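Below is one structure; the comments refer to it alone.
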Amino acid sequence: MDNMKVITELQRTMLKEYNLDALVTMTPENITYVTGVQIPTQITVRSREVIHIVTMERGPEVIIVNIEEPLIKMEGWMPKESITSYNEFTQSPILLAIEKLKELGMENKRIGMELSYLPVTDMEKIKKELPHAQIVNADAVYEEMRLVKMQFEIDRITEFGADIEDVIYTAFDTVMSW
């Protein structure tokens, strides 16, 4: 099973466990976890939100700034048709996410979001546009999901560790040869 399917199934397990209808991911570390790619400008320009949505029946769906769209399509494991890009100067990513949630029938449902990360201005828009939805803090969902490492994560950590070990030995050899 590919990484996206593994992560999506884990998210759906969490939806059941936490009695949620949708899970919305926004933090840089969890976006990397659920999409398979680190979005550089998400860290340096906070307003360049990346939003990942999954429900029991649909998703994942990703909303990303248009300058990062080629990166996620090239390096991520998201199906290209599930990616929606926006212009950061003329469109609001949270409003696009709200429209996507409405398309998914989430107007009156329990939606888990990373509330420790969500900007207050975005929360105000969500309350206005989805007044009957119950927004639930999903920070614990992500902590639980990421607690146990899956094989692809172990492989990535092992590969990274081996690369670091090579760098250390190369540096040591260089210093010793002086």
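The values are calculated or read from the model by the stated rules, or taken from the named source; none is laboratory data. Computed from a predicted model, the values in this text were never measured in an experiment. Ligands, DNA and RNA are excluded from the accessible area calculation, which covers all protein heavy atoms including side chains. Shrake-Rupley method; radii C 1.70, N 1.55, O 1.52, S 1.80 Å.
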Calculated semi-axes √(5λ) of the Cα gyration tensor in Å (choose from (i) 28, 19, 14; (ii) 33, 19, 15; (iii) 25, 22, 14), label: (ii)
Helix 3-17 vs. the chain, principal-axis angle (Cα, 0 to 90°, nearest 10): 50
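Using a probe of 1.4 angstrom, how much of the accessible area of segment 1-156 is carbon and sulfur, in percent?
Values: 4050 of 7760 Å².
C and S atoms contribute 52 percent here.
In percent, what relative contact order does the chain have, based on Cα pairs under 8 Å that are 6 or more apart in sequence? Numbers along the way, then the final one.
On the way: 231 pairs, mean separation 36.6, N = 178.
Reported as a whole number, the value is 21 percent.
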